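Inspection log for the structure reproduced underneath, given as structure tokens.
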Amino acid sequence: MEKKRILTGDRPTGRLHIGHYFGSLINRVKLQDQYETYILVADVQALTDNFNQPEKVRKNVRELVIDYLSCGIDPEKSTIYIQSMIPETAELTVYYSNLVTIARLQRNPTVKTEIAQKKDLFGESVTYGFLGYPVSQAADITVLGGEIVPAGEDQEPLIEQCREIVRKFNSIYGEVLKEPEIYLSKNKRIKGLDGNEKMGKSLGNAIYLSDSEEEITKKIMSAITDPNRIKKDDLGNPSICMVSYYHKLFSSEEECKQVCEECRQGKRGCVACKKQLAKNTIEFLRPMREKRAYLEAHPEIIEKVLKEGTAKAKKEAEITMKKIKEAMKLNYFE
Ligand code: TRP
């Protein structure tokens, strides 16, 4: 049986952190063995809210791919490509824009939340491009025949919107497109060093896959612990301590148990606990850091992965586009 096709990707706007790692990257590494996987570097989508920062987007294309390969995404199994190099996506976005209303886009919960967060950029009036990015994302998915989209909950409204566009297209022009499904990651969201529900760049509370040993240690030393614990022999409550929270991710089960017990009994100070966590986190991330250093010294590898991936994706997109234009009676001069 043919493998089903996965289509997923990220906006290249910054380096990836452990929240991304536990949230989506480990999933992708696992799924690439079971599915035919395409991963797009969504530079066009990144420009919708970074149109004034083209250098930032360009630089992060490479950074993102280095992060992907460092954490085990294998370019032999996953096709990694650049969104802007597939102009069929832009073309298809124009055709899809007839099949979606402005009101429907304005009601999209993900878009709504993002617009509210981006008041600095958009002021009182959002751009046409940003409001329409779900349409472009629907084109990303369908132009490559994506059937499964592994993503977090925040992407659910976007996939639903894509499904609506597909149904509308098929009902008007004929059954050409596949309706994709979301593959929701069951992994829970990783909290920030400050205890915030979300780890994120703008919040300044993230540990990056690319952080140096010194940076990791410094960040962990600043993590929020039980605020009621002032002296070492105060009895601690690990369930409200970020250090104990991260021990569960990076330390052995035995160590976690011991750390929590000693904290509750006031036998272990926070500094010692943090040092132990920093050591384990550094070890956990070491293989990724080493791979990253190697890839940084060999930019030709990243270039080759992107070139080959993009060429493969482009061919697929051309095939789909031909079918779409036939269905829409746009196949002139044939
Ligand atoms: N919306 C995704 C993000 O915010 C990026 C993305 C663009 C995407 N096109 C996609 C994800 C297609 C899955 C499928 O990072």
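Key figures for this structure:
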item: Pairs where the first residue, in segment 161-179, is under 11 Å from T142 (Cα atoms) and the second is surrounded by 18 or more Cβ atoms within 10 Å (Cβ to Cβ) and among the acidic types (D, E), C-beta under 6 Å, 6+ apart; result: K178/E147
item: Residue within segment 150-161 that is under 20 Å from Y81 (Cβ atoms), small (G, A, S) and under 23 Å from the mean Cα position of the chain (by Cα) present; result: yes
item: Any hit, segment 57-70, residues being more than 13 Å from the ligand (Cβ to nearest atom) and farther than 22 Å from M288 by Cβ; result: yes
item: Given (1) without any contact (Cβ under 8 Å) to a residue 60 or more places away in the chain; (2) away from the ligand (no atom under 13 Å from the Cβ); (3) part of a helix (DSSP H, G or I), number of the condition E156 does not satisfy; result: (2)
item: Any hit, segment 313-324, residues being at pLDDT below 95 and among the polar types (S, T, N, Q); result: no
item: Residue that is free of Cβ contacts under 8 Å to residues at least 24 places away in the same chain, among the basic types (K, R) and open to solvent by 40 Å² or more (accessible area, probe 1.4 Å), where the choices are K219, K315, K291, K232; result: K315
item: Selection count, segment 159-173, where residues are more than 12 Å from the ligand (Cβ to nearest atom) and either more than 24 Å from M328 (Cα to Cα) or open to solvent by less than 20 Å² (accessible area, probe 1.4 Å) (or both); result: 4
item: Residue in segment 189-199 that is open to solvent by 80 Å² or more (accessible area, probe 1.4 Å) and of a type in the set (S, T, N, Q) present; result: no
item: Criterion (under 25 Å from S202 (Cα atoms), within 14 Å of the ligand (Cβ to nearest atom) and at pLDDT 95 or above) met by exactly one of Q53, Q106, Q83; result: Q83
item: Among the candidates P238, P299, residue that is touching a residue at least 24 places away in the same chain (Cβ under 8 Å) and under 23 Å from the mean Cα position of the chain (by Cα); result: P299
item: Selected residue (criterion: nearest to the ligand (Cβ to nearest atom)) from residues of segment 122-136 that are in contact with a Ser or Thr (Cβ under 9 Å, 6 or more places away or on another chain) and either over 15 Å from I102 (Cα atoms) or among the β-branched types (V, I, T) (or both); result: V135
item: Selection from segment 276-334 of residues that are of a type outside the set (A, V, I, L, M, F, W, C) and touching a Lys or Arg at 6+ places or on another chain (Cβ under 8 Å); result: P299, N331
item: Options T142, T113; residue that is within 13 Å of the ligand (Cβ to nearest atom), under 22 Å from L99 (Cβ atoms) and either out of contact with any Pro (no Cβ under 8 Å at 6 or more places or on another chain) or not in a loop (DSSP other than H, G, I, E, B) (or both); result: T142
item: Number of the exception - I220 against (1) assigned by TED's automatic domain parsing to the domain that holds V65; (2) modelled with pLDDT of 95 or more; result: (1)
item: Test: residue in segment 209-223 that is assigned to a loop (DSSP other than H, G, I, E, B) and of a type in the set (A, V, I, L, M); result: yes
item: Top-ranked residue in segment 85-110 [being touching a residue at least 60 places away in the same chain (Cβ under 8 Å) and part of a loop (DSSP other than H, G, I, E, B); ranked as least open to solvent (accessible area, probe 1.4 Å)]; result: I86
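The values are calculated or read from the model by the stated rules, or taken from the named source; none is laboratory data. These figures come from a predicted structure and were not determined experimentally. Positions of Cβ are backbone-derived with ideal geometry, glycine not excepted, and every protein chain shown enters the neighbour counts. Note: accessible area is taken over every heavy atom of the protein model, side chains too, but ligands, DNA and RNA are not part of it. Shrake-Rupley method; radii C 1.70, N 1.55, O 1.52, S 1.80 Å.
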